[in-house]
Amino acid sequence: IENELHMVTWNVGTAEPPADVRSLLQLDSQPATDLYVIGLQEVNANPVQYISDLISEDSWSHLLMDNLAPMGYIKVTFVRMQGLLLILFAKQVHLPFIRDIQSTYTRTGLFGYWGNKGGVSVRFSFYGHMLCFLNCHLAAHMNYALQRMDEFEYILDTQDFDMYNTPQVLDHKVVFWFGDLNFRIADHGMHFLRSSINNGRFNLLWNRDQLTMMKKKEAILQEFEEGLLCFKPTYKFDRFSETYDTSGKKRKPAWTDRILWRIKPKAIDTEDENSSTTSSADDDEYPIKVKQDMYTCDVSYGVSDHKPVIGTFNLEMRKKVETALVTLTVEGHWSADEDATFTYTILENFESSTWDWIGLYKIGFRSASDYSTFAWVKDDEVAANGEVVTVWQTKSCSVENRSALRK
């Protein structure tokens, strides 16, 4: 199967979102996007705003949902650490095959405010393939390139997941690393930088891009791929303009905002044959190909001094998982003045929990928390494969029969 992935990274500079994000999300693109992964940095995190966002959804998430929900996308999960925000949206049809969702975060902040720098990540299984998305905001300023590398390696070392087969970021089949990585363009003077940019000769600047330079000597970076930087450096702009910084600081333009990816290298055969057989066989039988279709910035957005960067990808994979874990069936005709009955059947073994529940959702629901009502899965015994289990909802909890059921 082939799936379309649309990624955005944007340092929003504590700004409120713009009125229109349709071009950012490219909602009219064909083929339609399957997964949206949005990574933001410097979302407004002053104490009053942060507490407000914990109680109700932050304004960026809300606007993105307002645009994506009518198109049939569900907010699968999100993770936030102060100004860092990472959100995953998916087409509803994919939900039964997005599993083992976990998120985590790491604070670095040595060169910024507490919690202002670091990384947030989300990992999940997508049709049986392990994917991880890591949104970072690394140390600023020209002279801190080595510190940026130290922070990245610290984040990779400290982030762990409660998964036996992918306990750390680099254990995943595919990793997307993106965010305001803050690497600058070294050595060149302002005049040369601006004339190269104005003439569209970005290639003249590539060999002095700090991340490109670091790649030559840092083994971990050599495992990551990145598309060509054939778009304007995305920092630093005067707000609401396409003009680079005219303030007293006159920051040099730089490609601070980046999207890279890494496909896990195949296991190297060793004398202990058992150590690599499974991994190699899995790689051969269930390969995954990542092809970048677009890597660009959208200079039309001006709420921040950074421009958003967009990366679109085609993920070609063979499904490891093709069966939903559970099937749900409505019994009879539902109406508001009668108890509602439905059945569920477990189709594949999975690790059950006394916290498992079945939610009742109206058509057009936006996220897992939008249920109208729910019922706990029976906790006195675990249903066997193929067993049909009946669940009742009292009429006081029933909603119109156009609703959808989700496990």
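Open to solvent by less than 60 Å² (accessible area, probe 1.4 Å), β-branched (Val, Ile, Thr) and free of Cβ contacts under 8 Å to residues at least 24 places away in the same chain: does that describe Thr327?
It is true that Thr327 is open to solvent by less than 60 Å² (accessible area, probe 1.4 Å), β-branched (Val, Ile, Thr) and free of Cβ contacts under 8 Å to residues at least 24 places away in the same chain.
Applying the condition of being assigned to a loop (DSSP other than H, G, I, E, B) and in contact (Cβ under 8 Å) with a residue 12 or more places away in the chain to segment 12-22 and asking which residue is most open to solvent (accessible area, probe 1.4 Å) yields Glu16. Across segment 273-299, the number of residues qualifying as at pLDDT 90 or above, open to solvent by 80 Å² or more (accessible area, probe 1.4 Å) and not in a strand (DSSP E or B) comes to 0.
Taken over segment 343-362, the criterion of being open to solvent by 70 Å² or more (accessible area, probe 1.4 Å), modelled with pLDDT of 85 or more and more than 12 Å from Val326 (Cβ to Cβ) is satisfied by Lys362 alone. Within segment 2-11, at least one residue is out of contact with any Ser or Thr (no Cβ under 8 Å at 6 or more places or on another chain), among the aliphatic types (A, V, I, L, M), open to solvent by less than 10 Å² (accessible area, probe 1.4 Å) and not in a loop (DSSP other than H, G, I, E, B).
Residues in segment 23-58 that are assigned to a helix (DSSP H, G or I) and open to solvent by 30 Å² or more (accessible area, probe 1.4 Å): Ser23, Pro47, Val48, Gln49, Tyr50, Ile51, Ser52, Leu54, Ile55.
Restricting attention to segment 201-212, and to residues there that are surrounded by 17 or more Cβ atoms within 10 Å (Cβ to Cβ) and out of contact with any Phe, Trp or Tyr (no Cβ under 7 Å at 6 or more places or on another chain), which single residue is farthest from His141 (Cα to Cα)? Checking each candidate, the answer is Phe202. The condition of being surrounded by 22 or more Cβ atoms within 10 Å (Cβ to Cβ) and assigned by the TED database to the domain that holds Arg22 holds for only one of Phe176, Phe78, Phe97, that being Phe176.
Each residue in segment 131-151 was checked for being surrounded by 20 or more Cβ atoms within 10 Å (Cβ to Cβ) and either out of contact with any Phe, Trp or Tyr (no Cβ under 8 Å at 6 or more places or on another chain) or of a type in the set (Lys, Arg) (or both), and 4 of them qualify. The set of residues from segment 217-272 being open to solvent by 60 Å² or more (accessible area, probe 1.4 Å), not in a loop (DSSP other than H, G, I, E, B) and not aliphatic (A, V, I, L, M) comprises Gln222, Glu225. From the list Phe231, Phe224, Phe240, the one residue that fits, being modelled with pLDDT of 95 or more, on the phi > 0 side of the Ramachandran plot and assigned by the TED database to the domain that holds Arg194, is Phe240.
The values are calculated or read from the model by the stated rules, or taken from the named source; none is laboratory data. All values reported here derive from a predicted model rather than from experimental measurement. Every residue, glycine among them, receives a Cβ derived from its backbone with ideal geometry; neighbour counts consider all protein chains shown. Just so you know, the surface numbers come from the protein's heavy atoms only, side chains and all, with ligands and any DNA or RNA stripped out. Shrake-Rupley method; radii C 1.70, N 1.55, O 1.52, S 1.80 Å.
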